[in-house]
Structure formats: structure tokens, C-alpha cells
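Notes follow the structure.
Taken together, the values in this text are just the output of simple stated rules run on the coordinates, not laboratory data. What you see is a predicted model; the values in this text were computed from it and never measured. Note: ideal-geometry Cβ built from the backbone for every residue, glycine included; neighbour counts use all protein chains shown.
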Amino acid sequence: MSISFHYLVMAQHSIFQKKLLAKLKGTGLTSGQPKVLDYLKDHDGASQKDIAHGCHIEPGTLTTLLNRMEEIGLVERRMLGGNRRSFHVFMTDLGKAKLKLITDAFNELEEEAFSGISAEDRENFMNLFHKIYKNTAHL
């Protein structure tokens, strides 16, 4: 039986998401929120447009996600420079605390995924996968 690249990517994504949400059970975080907080880790204060692009989320979906995240106190939206048309998203202290849990869960899952794989093979895989990502991200 031949297993295709697309099958492996889709299956791995589903498995990773299920395991991530299981690790984050009891934290109050729901699907989509970890990705946004992880993005804000390196881009705190980003515009909603940049978050949508960086997380590969449709703008309308992101708006709904951010509304919920703001309601529960994970993020806050602010106008910068008086521009009423563009809000920037910042993590709150609660969001930063949840980010620590997310980062730990991501690290555990990555270690599990690369278990038994040498550092050299891991680096080679990541380099190749990054090339694949770049090839497909701009379609």
C-alpha cells in the first residue's frame, strides 16, 4: 500500500491537533486559540490582517476567534496611532500564562514526534519540510 504525501500531512495534522487539545484539556483553550497565541508570542501587537495571514486563517474566522479570546481575557484589541480602521492584538497576562502551557505542549508533542530520530535527520527533515511549506504557501 502506497501512502501519499497529502494523506500523511492531513493525518498528521489531525493527530497533532487531537493530542494538543488533549494536553490542553482543562485550560479552557479551544481549537484555533493555541495557534493565535503562539503567533502572538513573536508578533504581540500584530494587526488582525497579519495574524490571519500568519496563521493561515480566513479573516472572518479570525474575527470570531478573537472575539471569543477577548471575551475570556486572553487578548485585547487596541487602536494604534488613532487609526480606527485597524486594531492591533495584544496578549493579556492570562494569554501569556496560557501561552506557557501551549509552548510546553508543543515541545512535548514535537519531542514525541521526533523520538528515535537523530538530530541530523530531524534537521534535514525540517529543512526539507520548510522548502515544501514555501513551495505550497504561495499557491
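Computed quantities for the displayed model
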read-out: Net dipole in debye of region 16-137 [+1 Lys, Arg Cβ; -1 Asp, Glu Cβ; about Cα centre; nearest 20]; value: 520 debye
read-out: Loop trypsin sites (Lys or Arg not before Pro), region 75-139, which have at most 14 other Cβ atoms in a 10 Å radius of their Cβ (DSSP); value: R84, R85
read-out: Gaussian network model of the chain, Cα within-10 Å springs - most flexible of G95, G82, G45; value: G82
read-out: Residue among S47, S86, S118 with the largest mean-square fluctuation in a Gaussian network model of the chain, springs linking Cα atoms under 10 Å; value: S118
read-out: FRET efficiency for A113 and H43, using Cβ-Cβ distance with R0 set to 25 Å, rounded to 0.05; value: 0.50
read-out: Extension reserve of the I15-I132 stretch, reckoned as 0.36 nm per residue once the Cα distance is removed; value: 40.1 nm
read-out: Values of log10 I(q)/I(0), in the order q = 0.18, 0.20, 0.22, 0.25 Å⁻¹, for region 70-126 under a Debye, Cα-only, solvent-free model; value: -0.72, -0.77, -0.84, -0.95
read-out: Residue among L128, G116, I72 farthest towards the positive dipole end of the chain, charges placed on Cβ; value: I72
read-out: q = 0.10, 0.11, 0.14, 0.19 Å⁻¹: log10 I(q)/I(0) that the Debye formula gives for the chain, counting C-alpha atoms only; value: -0.41, -0.49, -0.77, -1.24
read-out: Proximal lysines to K98, defined as alpha-carbon separation beneath 26 angstrom and excluding residues fewer than eight positions away on the same chain; value: K18, K19, K23, K25, K35, K41, K49
read-out: Rough spin-label spacing in nm, given labels placed 7 Å along Cα→Cβ, for F125 and D104; value: 2.5 nm
read-out: Förster radius 35 Å - calculated FRET efficiency between E76 and S2 (Cβ-Cβ, nearest 0.05); value: 0.10
read-out: Approximate shape of region 15-84 as ellipsoid semi-axes (Cα gyration tensor, √5λ), whole Å, largest first; value: 23, 13, 11
read-out: Residue of L24, L109, L80 that the Gaussian network model of the chain assigns the largest fluctuation, springs spanning Cα pairs under 10 Å; value: L80
read-out: Relative contact order %, region 16-137, counting alpha carbon pairs below 8 Å whose residues are six or more apart; value: 26 percent
read-out: Calculated [θ] (222 nm, deg cm²/dmol) that DSSP helices of n ≥ 4 give over the chain, each run adding -39,500 (n - 2.57); value: -21500 deg cm²/dmol
